[in-house]
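Trainee: One structure, as structure tokens, below. Some questions next.
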Amino acid sequence: IMMNIDQRPCESQRGGFSFENSRRNAMLEENLSKLGYSAPKARKTGTTIAGIMYKDGVILGADTRATDDMVVADKNCMKIHYIAPNIYCCGAGVAADAEITTQMMASNVELHSLSTGRPPMVVTVTRQLKQLLFRYQGHIGSSLIVGGVDATGTHLYSIYPHGSTDKLPYLTMGSGAAAAMSVFEDRYKPNMELKEAKTLVRDAIAAGIFCDLGSGSNVDLCVITKAGVEYLRGYDQPAQKGRKQGEYKYKPGTTAVLTKTVTPLSLDLVEEAVHLMDTK
Amino acid sequence: MAASVAVAGAQHLSSVSDLVPDWARQEVSTGTTIMAVEFDGGVVIGADSRTTTGAYIANRVTDKLTPIHDRIFCCRSGSAADTQAIADAVTYQLGFHSIELDEPPLVRTAANLFKEMCYRYREELMAGIIVAGWDKRRGGQVYTVPMGGMLVRQPVSVGGSGSSYVYGFVDSNYRSGMSKEECLRFVAEALTLAMERDGSSGGVARLAVITEEGLERRVILGNELPKSTI
């Protein structure tokens, strides 16, 4: 089932990932850091993601901040990915890995479902994901929470980058997992009502947003039941941008003008273009 | 860890980002205490329920007693991903073999399948497994497949990081010819002692009894574990 991916010189590349250079990259990075430079880092989603099972199904939650080391790269990214009409997946870890892995799974699951003639099951998705991640021995850095309702019932799984899975009634992943888990451990009860469950997930993600540097912005929720899916993008915005308390402008004339020299520059206007910046 | 690329002189391959805490970068490991005992008519197996990523407990109610076939179980210790993958593969192979034979498989066959995989990929894997079950030919059997891929049958076997703390207890308290109830108490006590002392073991104690009649699973919660004198 498993081979040492670095030792297959005779087999030609059949597409897909190739981690042959990981060893060389590690050495390069070490040499570079000695000179004071650093290799570009993969964008991680910092992240707080969570999932719970409640009376009628599952609720998945996620924050919406994507970070590039210490800079926020995306203030409103979507971390709850579609896998099947009845199955959604939250992704943490390396943003690209989580995104591509879930897209691949969505495609495979649809093909599988057409082949079997049955609606997809959460265990199928989980098994395919764990086998993919195990094959790549943790090089695909995506931590996932898969949840859904299928013919056999309601299921919630967590999958780690190395390919191990846990099946539990409530789960959290990402850098803000500890903050979110503390909320769950305090207030989770089996078979909660929808309103109470949504508030609990929202509070858990909010704990991650406030107490973890890698998580921030809004709370996204996704409620999955037998009846269908309710994707609540931007369910809550706990971290609003602050409003300034007063006016800090100085009136024209506050600074005395001593001398004034005007030098006209003879320039021709060639092209004029206006780009508005989204500062919302 | 199986994930870190071992290059002579190079540092551990991890991002130095402050945003991702230390424990989030570590591989998931079943710290663990696992144990299995043979008795006349079956086996008693037991395990703790803690899975860790570094110092964070990823799952505090893990089930490390994994069914491989109707009367054969395995106790998993080491890397969670490796042992889950191996157990899934062996479950498939054994199920296929059993259908070909048209009879329930032998515990020794299951143990051999584990050994083949653990030995062949010994450099890449981190897995310590105890295979235990009942079959018609030899009754209750316990086979241990530690890291490296050895295979040996033992009347009683312990494994995982917590096992170091209970070798003395097991060696001095085990007697051959114990009854099912005595074995259950023996395993529960040994697990309790290990869980008390080993940081990577804890949670609840899961026990199972496998006999010809079938399977009986028990869970002993933290506050119900046998009390010790200290």
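Trainee: What number of residues in the range A:157-175 are touching a Pro at 6+ places or on another chain (Cβ under 7 Å) and either more than 9 Å from every other protein chain (Cβ to nearest Cβ) or more than 17 Å from A:K79 (Cα to Cα) (or both)? Spell out the reasoning first.
Mentor: Going residue by residue through the range A:157-175, those that are touching a Pro at 6+ places or on another chain (Cβ under 7 Å) are A:169, A:175.
Then keep just the ones that are either more than 9 Å from every other protein chain (Cβ to nearest Cβ) or more than 17 Å from A:K79 (Cα to Cα) (or both); that gives A:169.
So the count comes out to 1.
Trainee: Kindly check whether there is at least one residue in the range A:186-201 that is within 14 Å of chain B (Cβ to nearest Cβ) and out of contact with any Pro (no Cβ under 7 Å at 6 or more places or on another chain).
Mentor: Residues of the range A:186-201 that are within 14 Å of chain B (Cβ to nearest Cβ), as a first pass: A:188, A:190.
If we keep only those that are out of contact with any Pro (no Cβ under 7 Å at 6 or more places or on another chain) too, we end up with A:188.
Yes, that holds for at least one residue.
Trainee: Hey, another quick one. Being more than 12 Å from chain A (Cβ to nearest Cβ), buried (at least 24 other Cβ atoms within 10 Å of the Cβ) and of a type in the set (D, E): is that true of B:D102 here? Give the derivation first.
Mentor: Details: more than 12 Å from chain A (Cβ to nearest Cβ): yes; buried (at least 24 other Cβ atoms within 10 Å of the Cβ): no; of a type in the set (D, E): yes.
It is false that B:D102 is more than 12 Å from chain A (Cβ to nearest Cβ), buried (at least 24 other Cβ atoms within 10 Å of the Cβ) and of a type in the set (D, E).
Trainee: Considering only the range B:122-136, I want to know if a residue exists there that is of a type in the set (K, R) and within 14 Å of chain A (Cβ to nearest Cβ). Working first, answer last.
Mentor: Quick first cut of the range B:122-136, residues of a type in the set (K, R) only: B:122, B:136.
Of the ones still in play, those that are also within 14 Å of chain A (Cβ to nearest Cβ) are B:122.
Yes: one or more hits.
Trainee: Of the residues in the range A:99-146, how many are more than 14 Å from every other protein chain (Cβ to nearest Cβ) and either under 23 Å from A:E20 (Cβ atoms) or part of a helix (DSSP H, G or I) (or both)?
Mentor: Step one: list which residues in the range A:99-146 are more than 14 Å from every other protein chain (Cβ to nearest Cβ), which gives A:99-122, A:125, A:146.
Then drop every residue that is not either under 23 Å from A:E20 (Cβ atoms) or part of a helix (DSSP H, G or I) (or both), which leaves A:99-116, A:122, A:125.
Of the residues in that region, 20 qualify.
Trainee: Further, regarding this structure: Name the pairs whose Cβ atoms lie under 8 Å apart, with the first residue in the range A:13-42 and within 25 Å of A:I100 (Cα to Cα) and more than 10 Å from every other protein chain (Cβ to nearest Cβ), the second modelled with pLDDT of 80 or more and in a loop (DSSP other than H, G, I, E, B), and 6 or more positions between them or separate chains?
Mentor: Taking only residues 6 or more apart or on different chains, the pairs are A:F17/A:Y136; A:F17/A:H139; A:F17/A:I140.
Trainee: Here is a further query. I'm trying to understand the selection: among the residues of the range A:147-167, which are surrounded by fewer than 20 Cβ atoms within 10 Å (Cβ to Cβ) and part of a loop (DSSP other than H, G, I, E, B)?
Mentor: Result: A:A151, A:T152.
The values are calculated or read from the model by the stated rules, or taken from the named source; none is laboratory data. Since this is a predicted model, take the numbers as computed values, not measurements. So basically every Cβ, Gly included, is an ideal-geometry build from the backbone, and we count neighbours across all protein chains shown.
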